[in-house]
Amino acid sequence: MLFVRSGTLCGTEEELGEEAMVDLSLDTRHENGHTIIEVSGEIDVYTAPKLRDRISELVADGNYHLIIDLERVDFLDSTGLGVLVGGLKKLRAHDGSMQLICTQDRLLKIFRITQLAKVFAIHESQADALAANGAN
Amino acid sequence: MPVGTPRTQAGISIAIARDPSLVRTVRLVAAAVARRASPSEDLVEEVRLAVGEACAVMVSGLSGVVTEAPDDKVKLQMDIGERLYVSLSCASDGAVSYSTDAIDPWALLRGLTDDLVVTNRDGQTAVAMSWAV
């Protein structure tokens, strides 16, 4: 059976193996008082709960300053936006913050259409986000 | 199809169960069809996003009677003509439900395409969109 990736027929499902099935991965680390989540893959109606759960766990553990790096995100829909908005609300309830890293036009367009570009602090790099939030 | 054979103008249609894990497959098919219609990667990306958004709403965001009937599917139809025509439909009562944190999905769709028509009729919700190619 041929498998489709990013709209292109590119091989058999067997050839693609696990890669074809991986939709979202989250790498978390702590730096200068901030928690950075590097997101890779697609944030959609199926995978967004995974990101929501990670944010909820971090907040429950007392991590109130999150930087979410979207540079390796291939797809973001309104479900994913909802998770980010929900996370921001949780963090603000603890006087926390959420900053986003995003330079991809296709994602920035979604933030602009939904007017969330005015809600989120969106930076071009993790260094910029750390500097903007006064990390030392 | 042998190389050089003219491509058909006939459309494609697929139907999926209301399973969020299948929405990605619909997006990939939509992108592949859009790529046949236009070399513009911007258009391909727009179609992928719009179809994914509409499909996600239908899979999980439409309230109403969801049955286990075999025809309780989300259906996608795409046709390439003077424009790229895309329609999605599913059984519903037409009400869109989403959490207070979520973004109004129709608002996002309206921002993604100039030609969007959402209809609720006879227990079916249908979304029709088109793009110049």
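Of the residues making up segment A:114-136, just one is within 11 Å of another protein chain (Cβ to nearest Cβ) and crowded, with 18+ Cβ neighbours inside 10 Å, namely A:T114. Scanning segment B:99-133 for residues that are in contact with a helix residue (DSSP H, G or I) (Cβ under 7 Å, 6 or more places away or on another chain), modelled with pLDDT of 80 or more and closer than 16 Å to A:I110 by Cα yields B:L108, B:L109, B:G111, B:L112, B:T113.
Please go through segment A:33-51 and pick out each residue that is surrounded by fewer than 20 Cβ atoms within 10 Å (Cβ to Cβ) and within 12 Å of another protein chain (Cβ to nearest Cβ). Passing the criteria: A:G41, A:P49, A:K50. Residues in segment B:58-76 that are touching a Leu at 6+ places or on another chain (Cβ under 8 Å) and either at pLDDT below 55 or of a type outside the set (K, R) (or both): 4 in all. If you go through segment B:33-59 and keep only what is part of a helix (DSSP H, G or I) and either over 25 Å from B:A95 (Cα atoms) or of a type in the set (D, E) (or both), you end up with B:V33, B:A34, B:R35, B:R36, B:A37, B:E41, B:D42, B:L43, B:V44, B:E45, B:E46, B:E53. Looking across segment A:81-104, just one residue is more than 9 Å from every other protein chain (Cβ to nearest Cβ), free of Cβ contacts under 8 Å to residues at least 12 places away in the same chain and in a helix (DSSP H, G or I), and that is A:R92.
For the residues A:A117, A:A48, the requirement of being free of Cβ contacts under 8 Å to residues at least 24 places away in the same chain and at negative phi singles out A:A117. For segment B:15-45, a residue qualifies if it is more than 13 Å from B:M58 (Cβ to Cβ), in contact (Cβ under 8 Å) with a residue 40 or more places away in the chain and within 15 Å of the chain's Cα centre (by Cα), and the qualifying residues are B:V29, B:A30, B:V33, B:A34, B:L43. Of all residues in segment A:91-107, those satisfying the criterion of being of a type outside the set (S, T, Y) and surrounded by 15 or more Cβ atoms within 10 Å (Cβ to Cβ) are A:L91, A:G96, A:M98, A:Q99, A:L100, A:I101, A:C102, A:R106, A:L107.
Looking at the structure I just gave you, is B:R36 at pLDDT below 90 and more than 9 Å from every other protein chain (Cβ to nearest Cβ)? No: the conditions fail for B:R36.
The values are calculated or read from the model by the stated rules, or taken from the named source; none is laboratory data. Everything numeric here is computed off the predicted structure, so don't read it as measured data. Note that we place each Cβ from the backbone using ideal geometry, even for glycine, and neighbour counts take in every protein chain shown.
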